[in-house]
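Data first, discussion second: the structure below is written as structure tokens.
The values are calculated or read from the model by the stated rules, or taken from the named source; none is laboratory data. What you see is a predicted model; the values in this text were computed from it and never measured. Cβ sites come from the backbone with ideal geometry, for glycine too, and all protein chains shown count toward neighbours. Ligands, DNA and RNA are stripped out before the accessible areas are found, and what is left, the full protein with its side chains, is counted by its heavy atoms. Shrake-Rupley method; radii C 1.70, N 1.55, O 1.52, S 1.80 Å.
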Amino acid sequence: QLLVDRAQVVTTISNNSKQDIEKHLDVRKPVHVIYNGVSLSKPYNDLSLQLKRPFLLIMARICPDKNQSSLIDVMPYLDKYDLIIAGKPSVEYLSKLKIQAKNLKVDNRIWFIHDVSQSMKSWLLKTCSALLFPSKAEGFGLPVIEAMRHGKPVFLSNLPVLHEVAGNLAFYFRSF
């Protein structure tokens with residue numbers, strides 16, 4: 001509240017976030033939505049990541065709010081694909097995901113990448129078959145527009161902010 005009181009104008013990244021701000025704070029000044037944009041990066045040239053199969057991608061912090069475990073649960077049914085889970089991990093949650101993958105016997109088809117440069121992110125988005133984004137909490141969902149920028153299909157959780165970002169151009173998970 002102190003920062004809002006000191007500001008002349010409040011900016012946020014989505015209408016969904018704007019509604020949260022107006023609901024939970026005493027705001028007596030304009031609140032403007034300024035959407036995030038994406039830029040193109042240099043091509044990724046490191047050939048150490050050589051995948052032999054098509055892959056699905058989730059790019060987000062590796063933590064419970066991003067709900068990567070729901071994707072591991074469906075991997076036994078998606079036997080034509082590998083899954084790349086890219087993002088900075090919560091060590092405890094990462095350990096649980098690895099155990100889950102091993103128990104489901106899909107650990108040989110799941111790749112965890114923690115340090116993703118801008119050029120690698122661009123390569124992953126350009127090369128993936130689709131972006132999966134089953135997040136339980138989101139302020140905006142930048143990977144969604146990054147994937148759409150590369151013409152990739154996006155499969156998203158049914159959060160209002162993700163509807164705001166992707167509209168009717170996405171497929172939405174109704175439940176997990």
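Quick notes on this structure:
Results for (1) assigned to a loop (DSSP other than H, G, I, E, B); (2) at pLDDT 95 or above; (3) of a type in the set (Val, Ile, Thr); (4) touching a Cys at 6+ places or on another chain (Cβ under 8 Å), shown as yes or no for each residue.
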| position | (1), (2), (3), (4) |
| --- | --- |
| Asp46 | yes, no, no, no |
| Lys52 | yes, no, no, no |
| Leu56 | no, yes, no, yes |
| Asp65 | no, yes, no, no |
| Ser70 | no, yes, no, no |
| Pro76 | no, yes, no, no |
| Asp79 | yes, no, no, no |
| Leu83 | no, yes, no, no |
| Ser95 | no, yes, no, no |
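- Close pairs (7 angstrom Cβ cut-off, 6 or more residues apart or separate chains): touching a residue at least 60 places away in the same chain (Cβ under 8 Å) in segment 64-79, buried (at least 19 other Cβ atoms within 10 Å of the Cβ) and among the aliphatic types (A, V, I, L, M) anywhere: Lys66/Ala60; Gln68/Ile58; Gln68/Ile62; Gln68/Ile85; Gln68/Leu97; Leu71/Ile58; Leu71/Leu83; Leu71/Leu132
- Flag if Val10 is of a type outside the set (Asp, Glu), open to solvent by less than 90 Å² (accessible area, probe 1.4 Å), within 18 Å of Ile145 (Cβ to Cβ) and modelled with pLDDT of 85 or more: no
- Residues satisfying the stated conditions in segment 111-149, i.e. in a loop (DSSP other than H, G, I, E, B) and either open to solvent by 60 Å² or more (accessible area, probe 1.4 Å) or of a type in the set (A, V, I, L, M, F, W, C) (or both): His114, Asp115, Val116, Cys128, Lys136, Ala137, Phe140
- For segment 150-176, the set of residues classified as more than 22 Å from Ile72 (Cβ to Cβ) and either surrounded by 16 or more Cβ atoms within 10 Å (Cβ to Cβ) or not polar (S, T, N, Q) (or both) consists of His150, Gly151, Pro160, Val161, His163, Glu164, Val165, Ala166, Gly167, Leu169, listed by residue number.
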